[in-house]
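Contents: one structure, followed by commentary.
The values are calculated or read from the model by the stated rules, or taken from the named source; none is laboratory data. Quick caveat, the model's predicted, so the values are computed rather than measured. Neighbour counts are summed over all protein chains in view; Cβ atoms, including those assigned to glycine, are modelled from backbone coordinates with ideal geometry.
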């Protein structure tokens, strides 16, 4: 199915970041005509090295979801839009809630208004987050699990997803929302652990530093390799069954956090565990056990993760071993 | 319990509108020291006549949720804050989504940031809406019913409610959210039917004009008199059990829309029914049957509606018969 991207015009919003650049590389391989938009939000994942090897095969615009004029100029030709741009820090959304609002709400409304006005036929894949579910009352969390956001980021990102569904309901825009779990893999921001603890653990292990775990580390999470996540997005951008849908995208099975850390240390051959108590206040950000139910996308699109956690971690460690000077 | 408002300093945001002014009148009767803030948003309910008879017993500031400086100046003395200010038009939220975002999201974040910084101990009662539930999969809709917004307004108002709960979770702000159903009664905006069809029907009947019903009019809704709604808010502002809670506030029982119209015509002694087909596109705004489950607030606060629909409509018709020159 994803051979259908050949010669298609595809726009990636947030295209130089972690997920965006992995998706861009895959789309270039598939022969798509790829345009990337990124605002290089400080401390986020945008990184020119993420385009290493295919920089001259994509168009890049340094712009922003909130820039209506730029969007109106770029949108008319596009056939499929991947909307991955976001302020992604939970803690930054608490310390600067109005900036989070501006990017995650106003930015998405500006995009949707532009799509409605200049290109209502373009497929849109919105990439949402498991954080909508907060700390779910049952596991695995299905798409019908209650919406229980635990920070401003999760509230605003949920609003952004719902805007997309409203523009589908009222104006027929062909949208799909994917709620992704913990994603890891090459091309992630690795300078600090604010957005993604797993990726940062890979760095700590490679640097032979302590991997710090709060509490007993028994909280279960599911971890998905970015390549598998991109495959789900690509299918959702073409498949008719995805129109107007909301689907979870995760590993579908959980692993205790401490086992993850041990596996990383084993595969890296360096680093060591360090267990400490939770710092004051930090538990407000923790949601305990978390596993996504992926039965919907599995049955509707035939998608399932291909890489085991060991395969995915080994591939990722190899990438950063080679390229760490571009990431930390 | 609500005698506890005597000499308490109370701030009403959206204080000159329909619900706000009814609440203000009641608070003045209870001996509270009442300050009202309103931005006189065009086409909304702010009306100086709403303060008729108690204008000199309240402080009024023409300001706005988005005005951080004004809020910081007003907040320090307040003990209880009723947050009723909102852009309330479903259709305006679709035609001008960025204005809706500015008021309903940015305004509430600005308020909460100001509360956190200058008066984190003040009780806050946020007045939300049944629109969070959209078209519920089962009736009556409980507080655990899925969040299924059907327009930009409902998305942004849900975000606003969730901001309040997050400020409770992270910073301990003593908040309560009440999700109110269809409210009718004196002091409503009656110039156009955009925000509240029931109130406008009262005007049409009093003017001996047709009450237009789309389709068969069999959709069931619950209708609550504003006096009963205010009683719930007053209890929620004082009762310790209300801290951090989300409760529905509605009649708890439904009435077919056409029966409501017939009752209005009968009580007014004028007006007549006119049934027509749904205009194109308008069904997107309709949610079908809707009744709120009010078991939670009933058992936790002992609140229940006191007025029957006939009593409430008769009292409301009498008010507008006397004062219509101030409302249309």
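Does residue B:189 count as under 30 Å from residue A:167 (Cβ atoms) and part of a helix (DSSP H, G or I)? So residue B:189 fails the test. Residue check: is residue A:188 surrounded by 24 or more Cβ atoms within 10 Å (Cβ to Cβ), touching a residue at least 12 places away in the same chain (Cβ under 8 Å) and more than 8 Å from chain B (Cβ to nearest Cβ)? Judged against the criteria, residue A:188 is a match.
Applying the criterion of being in contact (Cβ under 8 Å) with a residue 60 or more places away in the chain and surrounded by fewer than 22 Cβ atoms within 10 Å (Cβ to Cβ) to the residues of the stretch A:1-29, the residue that is nearest to residue A:183 (Cα to Cα) is A:26. Inside the stretch A:37-49, can you point out the residues that are surrounded by fewer than 17 Cβ atoms within 10 Å (Cβ to Cβ) and without any contact (Cβ under 8 Å) to a residue 60 or more places away in the chain? Across the stretch A:37-49, the qualifying residues are A:40, A:42, A:48. Residues of the stretch A:212-222 being surrounded by fewer than 22 Cβ atoms within 10 Å (Cβ to Cβ) and part of a strand (DSSP E or B), which ones? A:212, A:213, A:214, A:220, listed by residue number. Residues that are buried (at least 18 other Cβ atoms within 10 Å of the Cβ) number at least 2 in the following strands (runs of 3 or more DSSP E) confined to the stretch A:223-277: A:223-225, A:246-249. The number of residues in the stretch B:145-195 being at positive phi and touching a helix residue (DSSP H, G or I) at 6+ places or on another chain (Cβ under 8 Å) comes to 2. Can residue A:253 be described as in contact with a helix residue (DSSP H, G or I) (Cβ under 8 Å, 6 or more places away or on another chain) and either more than 30 Å from residue B:171 (Cβ to Cβ) or within 14 Å of chain B (Cβ to nearest Cβ) (or both)? Answer is no for this residue.
Output the residue which, of all residues in the stretch A:280-310 that are closer than 11 Å to residue A:225 by Cα and in contact (Cβ under 8 Å) with a residue 60 or more places away in the chain, is surrounded by the fewest Cβ atoms within 10 Å (Cβ to Cβ). Going through the qualifying residues, I end up with A:306. Please go through the stretch A:90-107 and give me each residue that is closer than 16 Å to residue B:110 by Cα and without any contact (Cβ under 8 Å) to a residue 60 or more places away in the chain, ordered by number. Correct list: A:94, A:95, A:96, A:97, A:98, A:99, A:100, A:101, A:102, A:105, A:106. Scanning the stretch A:179-195 for residues that are farther than 15 Å from residue A:326 by Cα and in contact with a strand residue (DSSP E or B) (Cβ under 7 Å, 6 or more places away or on another chain) yields A:179, A:180, A:181, A:182, A:183, A:184. If you go through the stretch B:275-324 and keep only what is at pLDDT below 95 and farther than 27 Å from residue B:138 by Cα, you end up with B:275, B:276.
Quick one: is residue B:34 part of a strand (DSSP E or B), in contact with a helix residue (DSSP H, G or I) (Cβ under 8 Å, 6 or more places away or on another chain) and buried (at least 21 other Cβ atoms within 10 Å of the Cβ)? Yes, satisfied. For the stretch A:133-145, filtering for residues that are facing chain B (nearest Cβ under 10 Å) and assigned to a helix (DSSP H, G or I) leaves 0. For beta carbons closer than 7 Å, sequence separation of 6+ or different chains, a first residue in the stretch B:241-266 that is modelled with pLDDT under 95 and a second that is crowded, with 24+ Cβ neighbours inside 10 Å and assigned to a strand (DSSP E or B), the qualifying pairs are B:252/B:292.
For the stretch B:146-167, the count of residues that are at pLDDT 95 or above, within 14 Å of chain A (Cβ to nearest Cβ), assigned to a loop (DSSP other than H, G, I, E, B) and in contact with a strand residue (DSSP E or B) (Cβ under 6 Å, 6 or more places away or on another chain) is zero.
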